[in-house]
Amino acid sequence: MNNQPFQTARPQQQMMLMLGLLALYLLVSLLAAFLAPHSDFTSLTINIIASLAIVGGIVGLAIYAARQMGWPLPEFLQVPAEDRDQNWRLLCMSLIAIVMPLLIIFARSLFH
């Protein structure tokens, strides 16, 4: 990572980032809904939790990629170097957060 101080994001940048994350969440939720249509409240709840986990995994992958390429992160995603986890753990946990909900959705659609 570079030694330059981090710049704080302007309110407009923060709003655009939040809208982007919301759009990403809605896209993933729609994909999860089409993969496993919910016929009851339990399935709907599982789809919502799965889509949140997938979005969290995507954000984790984006943080991993930004750290590897030395890109500055927004202020609310910055973690001091001594408090960070190892990069391979962040990558593995992000991939698991994406794959596990998909496996659950596919398994429920196969056996339901």
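Only the coordinates and a few stated rules stand behind these numbers; no lab work does. In this text, all values refer to a predicted model and were calculated from it rather than measured experimentally. All Cβ positions, glycine included, derive from the backbone under ideal geometry; neighbour counts span all protein chains shown.
Placing a label point 7 Å from the Cα of Asp40 along the Cα-to-Cβ line, the residues of the range 89-112 whose backbone N sits under 18 Å from it are 104-112. Spin-label model, Ala107 to Ile49: label points 7 Å out along the Cα-to-beta-carbon direction sit 1.3 nm apart.
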